[in-house]
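Notes to accompany the following structure.
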Amino acid sequence: MERTFAMIKPDGVRRGLTPEILTRIQRKGYRVVGLKQMMISHETAESHYAEHKDRPFFGELVSFITGGPVVAMALEGENAILGWRGMMGATNPANAAPGTVRADLATTTGENVTHGSDSSDSAERELKLFFSEDELL
Ligand code: ATP
Ligand code: MG
């Protein structure tokens, strides 16, 4: 069974979208094996988004993601990595397919409500970054 890291970003938490997003995840059939609301430290944010460190939006991205509580989740299910990416939709909500989280709940690329690991390597790395072994049930 595959595990992935998912997150409700600060805009989603601030807008009260946590229940809606958790409902979608559970209706899909993924098991929520880790769940916590938390603040992300500057250090964790820079490590999480290290692949984007040379992009012009990096500073903005780090201050956004550290600017309010997020909900960090570990999801388990068949093809959970690609499945959750599919449920989120394209990075830019304008390009996201109807029915996806970003199409239905977001309007801007910078504040696009959720995150999902994009490969098994990043899932493993991100799950380790956000959860200790004993937090995953
Ligand atoms: P995430 O990694 O958050 O799940 P993603 O994999 O769809 O999103 P990435 O290319 O990894 O997209 O970009 C990470 C995040 O950086 C995006 O979700 C978005 O919030 C922000 N971002 C990406 N491109 C831009 C951009 N051109 N302008 C502003 N912010 C951007
Ligand atoms: Mg990404």
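Quick note: the coordinates plus some simple rules give every number you see, no bench work behind them. Everything numeric in this text was worked out from a predicted model, so none of it was measured. Virtual Cβ from ideal backbone geometry, glycine too; neighbours counted across all protein chains shown.
Label points 7 Å out from Cα along the Cβ direction at ASN79 and THR44: separation in nm?
3.1
So how do 72-78, 103-109 stack up, highest first, on mean other-Cβ count within 10 Å?
Taking the mean over residues of other Cβ atoms within 10 Å, the ranking is 72-78, 103-109.
Take the alpha carbon gyration tensor of the chain, find the square roots of its eigenvalues, order them as a ≥ b ≥ c, and report rounded if a/c is under 1.5; if not, report prolate when a/b exceeds b/c, else oblate.
Rounded, because the longest to shortest axis ratio a/c is under 1.5.
Rounded, prolate or oblate: which one fits segment 1-70, using the alpha carbon gyration tensor with axes a ≥ b ≥ c (rounded when a/c is under 1.5, else prolate when a/b beats b/c, else oblate)? Don't jump to the answer; show the numbers that get you there.
Numbers: a/c = 2.34, a/b = 1.63, b/c = 1.43.
Prolate is the answer for segment 1-70, as a/c is 1.5 or above and a/b outweighs b/c.
Using alpha carbons only, how many angstrom separate the centre of segment 71-137 from the centre of segment 1-50?
7
Subtracting the Cα-Cα distance from 0.36 nm times the residue separation, let me have the gained length for GLU124 to LEU22 in nm, one decimal.
Result for the pair: 34.6 nm of gain on full extension.
In terms of Cα to Cα distance under 16 Å, which lysines are near enough to LYS9, apart from those fewer than 8 places away along the same chain?
Filter leaves LYS36.
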